[in-house]
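Notes follow the structure.
The values are calculated or read from the model by the stated rules, or taken from the named source; none is laboratory data. These numbers come from a predicted model, not from an experiment. With ideal geometry, Cβ positions are generated from the backbone for all residues, glycine too; neighbour counts draw on all protein chains shown.
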Amino acid sequence: MDLDLRKVRYFVAVADLLHFGRAAEELHIAQPVLSRQIRSLEQDIGLELLARNRRSVALTAAGRQFLDDARGLLSSAQAARHRMYRAAGGETHLTVGFGWGMTVAAITAEFAARRPGVTVDIRQLAARTEAEAVLRGAVEVAFVRAPVPREGIVLTPLGSEDLVAALPAGHRLAGAAALTGADLDGEPLLRRAGSAPAVVRGAASLVRAAWGAGPVEEELELVARGGGLTLLPQSAAAFYTRPGVRYVPLLGLPPQEICLARAAGDRSELTSAFVRVAEGVGWVGCPRPLAPA
């Protein structure tokens, strides 16, 4: 089945608004033309995607499924076009993404020194959106904290960071030089997905919590008010210093790996050059950098 991406884009507009008239206005085309294009797409696929009558438009079961896939198709096409134009245009621009609490100046400065003719833009990305930003071409490379979705992504390890426990300043453990997972058994641990604190039972619970993501500032506000504990990588803890919170190193837990993510289909020499520089510099916020590959 050959899909016309223009028709796919029209379908997404209608599916988002569930109104042919408003979708046609947004797309700057006539409503009858839009209706014919959607009907043509349904004929191409062989399934009805939208159930419509004179009063309403609704997605069918097939339409709901296709909407998710359609967004991915359009993002992939946009990313492919972006990489193609970069390759054709002499590659003088690179966009680098990074996650929460990261400081990437050492690597980007070294790259700028080696490639003075290249403009490097730095973009902070929302937690756990870094890989998706790479796949849709919003950034060429992104610094990420593992684990991340690996489909369509190539990860280059740069280093690892130990974790620290963020405790209320008045907590009984806040003055400790270091803690282990056993020390935190029975403590209320905040979940970075926004749910209520859960009581920690063993190191496995701590590790799962450490790989979460979300609004760190809000979480630390809860910690400062005595609402529970949380875990952060060392560099993030240094970034998010604030009154009412004490950070204590955690011993005996696996460190969190820092990687550089790029699209598997990106064959850009400029992207490869940035990866090589990042490998050579290593993760500066990491107390035990990994050896360059």
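Where helices (runs of 4 or more DSSP H) fall entirely within the stretch 1-71, those with at least 1 residues that are out of contact with any Cys (no Cβ under 7 Å at 6 or more places or on another chain) and farther than 22 Å from Arg136 by Cβ are at 20-27, 31-45.
Screening the stretch 109-175 for strands (runs of 3 or more DSSP E) wholly inside it with 1 or more residues that are loosely packed, with under 15 Cβ neighbours inside 10 Å and touching a helix residue (DSSP H, G or I) at 6+ places or on another chain (Cβ under 7 Å) returns the ranges 119-124.
Of a type in the set (S, T, N, Q), more than 15 Å from Ala70 (Cβ to Cβ) and more than 29 Å from the chain's Cα centre (by Cα): does that describe Gln37?
Details: of a type in the set (S, T, N, Q): yes; more than 15 Å from Ala70 (Cβ to Cβ): no; more than 29 Å from the chain's Cα centre (by Cα): yes.
Answer is no for this residue.
The residues of the stretch 120-148 that are modelled with pLDDT under 85, within 9 Å of the chain's Cα centre (by Cα) and under 19 Å from Pro255 (Cα atoms), listed by number, are Ala127, Arg128, Val148.
Taken together, the residues in the stretch 179-191 that are touching a residue at least 24 places away in the same chain (Cβ under 8 Å), assigned to a loop (DSSP other than H, G, I, E, B) and more than 22 Å from Arg145 (Cβ to Cβ) amount to 1.
Scanning the stretch 1-21 for residues that are farther than 14 Å from Gln37 by Cα and among the aliphatic types (A, V, I, L, M) yields a count of 3. Summed over the stretch 146-162, the residues that are out of contact with any Lys or Arg (no Cβ under 9 Å at 6 or more places or on another chain) and touching a residue at least 60 places away in the same chain (Cβ under 8 Å) give a count of 5. So in the stretch 229-267, with the set limited to residues that are part of a strand (DSSP E or B) and basic (Lys, Arg), which one is nearest to the chain's Cα centre (by Cα)? Once the filter is applied, the top-ranked residue is Arg262.
Search the stretch 243-267 for residues being buried (at least 19 other Cβ atoms within 10 Å of the Cβ) and small (Gly, Ala, Ser), and hand back the single one that is modelled with the highest pLDDT. Ranking the candidates gives Ala261 first. Does any residue of the stretch 91-103 turn out to be of a type in the set (Gly, Ala, Ser), in the same structural domain as Asp266 (by TED's automatic domain parsing) and at pLDDT below 90? Yes, because at least one residue in the stretch 91-103 is of a type in the set (Gly, Ala, Ser), in the same structural domain as Asp266 (by TED's automatic domain parsing) and at pLDDT below 90.
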